[in-house]
Each structure stands twice: as structure tokens, then as C-alpha cells.
Amino acid sequence: GEILIWRAYKDNVSRENWQTFCNLVVAAKESRDKPVQSIDGCHFIYTVVGDIVLVAATKDNVNVMLVLKLLFKMIELFK
């Protein structure tokens, strides 16, 4: 449940929000079945590859499919 790489393009999601996500979703592996979680007004969009969780977080209204496509393209790039 540790953050390996973190890039904040906007500072509207705090470090505490990220830590809450890590504690509720990443550490508790049974709640990984939904790719979108809303916690404390923040929307976390994520996918799991092996033991690594790629996450995008926002407090704004975004196109979820576009964000998921970005995450999957990042997986392709890393491979």
C-alpha cells in the first residue's frame, strides 16, 4: 500500500485522500472489483496489474473511460 510514483497536475486531491484510498482499497484486496471508487468527494479511477495499482484521482467531473484508456496505455508503455 505504498505510493511508488506520484504526480499531481492539480493540487485538489490531498495526500490524506491518497492515504485513505491506499488504506481502503489497495490494502484491502477484496474491494478491488470496482474500477472507480468515491471516497470523501474524491474519485479514484484505477486498474490492477499484478501487485501494482495504477490510479488517477480527481475531484472534478471527468470522462472515466478516457482516464481508463490512459491507464491501460500506460501499462502498454511500461511493458
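Tell me the per residue accessible area of the chain using a 1.4 Å probe; a whole number in Å² is fine.
Details: 5780 Å² over 79 residues.
On a per-residue basis, 73 Å².
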Inset, instruction - Sort the chain into rounded, prolate or oblate with this rule: let a ≥ b ≥ c be the square roots of the eigenvalues of the Cα gyration tensor; rounded if a/c is under 1.5, and if a/c is not under 1.5, prolate when a/b is larger than b/c, oblate otherwise. - result: rounded
Inset, instruction - Using +1 at the Cβ of each Lys and Arg and -1 at the Cβ of each Asp and Glu in the chain, identify which of MET65, VAL53, PRO35 lies farthest towards the dipole's positive end. - result: MET65
Inset, instruction - Would you list, by chain and number, the aspartates and glutamates whose Cα falls below 17 Å from the Cα of LYS34, excluding same-chain residues fewer than 8 positions away? - result: ASP51
Legend entry - Dipole moment magnitude, nearest 20 debye, the chain about Cα centre, only Lys, Arg, Asp, Glu C-beta charged: 240
Legend entry - Rel. contact order, % - alpha carbon contacts under 8 angstrom, at least six apart, the chain: 21
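Leaving ligands, DNA and RNA out of it, report the carbon-plus-sulfur percent of the accessible area of the chain at a 1.4 Å probe.
After summing per-atom areas, the C and S share lands at 55 percent.
The values are calculated or read from the model by the stated rules, or taken from the named source; none is laboratory data. On a predicted model such as this, the values are computed, not experimentally measured, just so you know. Cβ atoms come from the backbone with ideal geometry, glycine included; neighbour counts cover every protein chain shown. To get the accessible areas, we keep the full protein, side chains included, count just its heavy atoms, and leave off ligands, DNA and RNA. Shrake-Rupley method; radii C 1.70, N 1.55, O 1.52, S 1.80 Å.
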